[in-house]
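Comments concern the structure below.
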Amino acid sequence: MRTAEFLRCRRQLQAVIFRVVRSWDESQALTQDCFLRAYRARHTFNGQASAATWLTRIAINLSYEWLRRVRHNFFSAEQPGIAAELRAVSGHSPTPEQALLARDRAAFIEELLHRLPPHLRELMEMRYLNEMSMDEIVEHTGLSMTTIKARLNRARAALRKRAAHLEMPSLASPLPTSSSTFFHA
């Protein structure tokens, strides 16, 4: 694996892990553990899937193992690594009202996602946050296309149902329909 490929793969794995464990520091450590575990089990790699798919599966399994040990580790912008990452993101300057609405919307969606079972949350994040195609999700998870579509529909329905019970009057419809994107610009 060339250096550029390795770095791209490492960033992708770390993002997948972060989506599950919600801790930047833990995702860095688990990413290292993922590569170590893959190295130790390299003799079991049979080439039926790509190396990236194999590594992603290891990363997801490590993340779930960590969750079972720790239970809940919530996202916090107060963590030094995340705060630095958030400050480094630049773009147009929204008005204070827009920034507040965007923050409220993100917190609302984050709360809804966090209430989903991990296997459904993982698929929603792959599809809508990581903007992966259905074929990429099939390759990364090893699930059938039908299973992924059914789980995504189940997750969207659960999110809509839960959103109806929570008060967020400034959001008309924060949840995706089957053909929309997760976040509206």
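A single member of Ala77, Ala99 is hydrophobic (A, V, I, L, M, F, W, C), at pLDDT below 90, over 18 Å from Phe18 (Cβ atoms) and surrounded by fewer than 13 Cβ atoms within 10 Å (Cβ to Cβ), and it is Ala99. Pairs linking a residue in segment 21-46 that is closer than 27 Å to Pro117 by Cβ to a residue that is at pLDDT below 90 and of a type in the set (Lys, Arg), with Cβ atoms under 7 Å and 6 or more positions apart or on different chains, are Thr31/Arg10. Selection over segment 120-159 of residues that are in a loop (DSSP other than H, G, I, E, B) and of a type outside the set (S, T, N, Q) gives a count of 4. Listed by first and then second residue, the pairs linking a residue in segment 102-125 that is more than 15 Å from Ala164 (Cα to Cα) and in contact (Cβ under 8 Å) with a residue 12 or more places away in the chain to a residue that is assigned to a helix (DSSP H, G or I) and β-branched (Val, Ile, Thr), with Cβ atoms under 7 Å apart and 6 or more places separating them unless they lie on different chains, are Pro118/Val20; Glu122/Val20; Glu122/Ile60; Leu123/Ile137; Leu123/Ile148.
Regarding Asn61, is this residue loosely packed, with under 14 Cβ neighbours inside 10 Å and either outside any helix (DSSP H, G or I) or at pLDDT 80 or above (or both)? Give the derivation first.
On the way: loosely packed, with under 14 Cβ neighbours inside 10 Å: yes; either outside any helix (DSSP H, G or I) or at pLDDT 80 or above (or both): yes.
Yes; evaluated as a whole, the condition is true for this residue.
One residue is enough: does segment 134-152 have a residue meeting the conditions surrounded by fewer than 18 Cβ atoms within 10 Å (Cβ to Cβ), among the small types (Gly, Ala, Ser), on the phi < 0 side of the Ramachandran plot and more than 19 Å from the chain's Cα centre (by Cα)? Yes: segment 134-152 contains one or more residues that are surrounded by fewer than 18 Cβ atoms within 10 Å (Cβ to Cβ), among the small types (Gly, Ala, Ser), on the phi < 0 side of the Ramachandran plot and more than 19 Å from the chain's Cα centre (by Cα). Do you know which of the residues in segment 30-58 that are β-branched (Val, Ile, Thr) and farther than 12 Å from Cys9 by Cα is surrounded by the fewest Cβ atoms within 10 Å (Cβ to Cβ)? Looking at residues that are β-branched (Val, Ile, Thr) and farther than 12 Å from Cys9 by Cα, I get Thr44.
The values are calculated or read from the model by the stated rules, or taken from the named source; none is laboratory data. Given the structure is predicted, the values throughout are model-derived calculations rather than measurements. Note: ideal-geometry Cβ built from the backbone for every residue, glycine included; neighbour counts use all protein chains shown.
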